[in-house]
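Take a look at the structure below.
Since every read-out is calculated from the coordinates, none of them should be taken as a lab result. Please read all numbers here as calculations on a predicted model, not as lab measurements. Methodologically, a virtual Cβ is constructed for each residue, glycine included, from the backbone with ideal geometry; neighbour enumeration extends over all protein chains shown.
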Amino acid sequence: MADIARYGVPAAVGMLLIAATPAPAPLSVVMTDYKFTPDHLTFQHGVRYRVHLENHGKETHEFTAPSFLATAKIDNPEILNREHTEIVMQPGDVKDVLLTPGKPGTYDLRCSDHDWNGMVGGITVE
Ligand SMILES: [Cu+2]
C-alpha cells in the first residue's frame, strides 16, 4: 500500500498486470548435424512456452512440425516459414518461438532437409 501512495494507482495496476502474466515456460532444443537434442518434447496444453532453438551444426536445419504448429497458438508467427510448417535455422541461428500448444496428442517433429538421415523426433502435448 505504501507503493500505491508513492507511485499512484496506475503503477499499482501495472504491477498487478505483470503479476497476472506468468513468464512463459522455457524449453530448449539444440540442433546439430543430424539430430535434435532432446529429440522428444513434451508440452502441457494451454501453457505458454518459450521454445528456444539453437543450431550448433554446420548445416541449415529445420524445426518441421506442421500439425503441432497448426494446432498451437503462436505469438510470433513471423519467425515461421510462409506455410507455417517449420522454423528454418541457419548455422549459428538462435530463435525463440512463443507458443501455447493446443490439442493434446502426439505430433511429428523432423528436419525437412535431413529426415532421410534420421533427423527426426516427436512431440507430445499432454
Ligand atoms: Cu537438418
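The count of lysine pairs in the range 23-125 with alpha-carbon distances below 21 Å, taking only pairs 8 or more places apart or on different chains, stands at 5. The charge dipole of the range 32-108, taken about its Cα centre with unit charges on the Cβ of Lys, Arg, Asp and Glu (plus for the first two, minus for the last two), comes to roughly 320 debye.
Summary value for the range 23-125: 35 percent relative contact order, contacts being C-alpha pairs under 8 angstrom separated by 6+ residues. Using the Karplus relation 6.51 cos²θ - 1.76 cosθ + 1.60 with θ = phi - 60°, the per-residue 3J(HN,Hα) values for the range 49-60 come to 10, 10, 8, 9, 10, 10, 9, 8, x, 8, 10, 6 Hz, with x marking Gly and Pro. Once backbone amide H atoms are built at 1.01 Å from N, Tyr49 has Ala25, Leu99, Thr100 as its partners under 5 Å, excluding neighbours fewer than 5 places away on the same chain. Convex hull volume per residue, computed on the Cα atoms of the range 23-126, equals 83 Å³. Near His45, once Lys and Arg are set to +1 and Asp and Glu to -1 for all other residues with Cβ below 9 Å from its Cβ, the sum equals 0.
Across the range 79-89, computed HN-Hα scalar couplings (Karplus, 6.51 cos²θ - 1.76 cosθ + 1.60, θ = phi - 60°) run 7, 7, 6, 4, 7, 6, 9, 7, 10, 8, 10 Hz from first to last residue, x flagging Gly and Pro.
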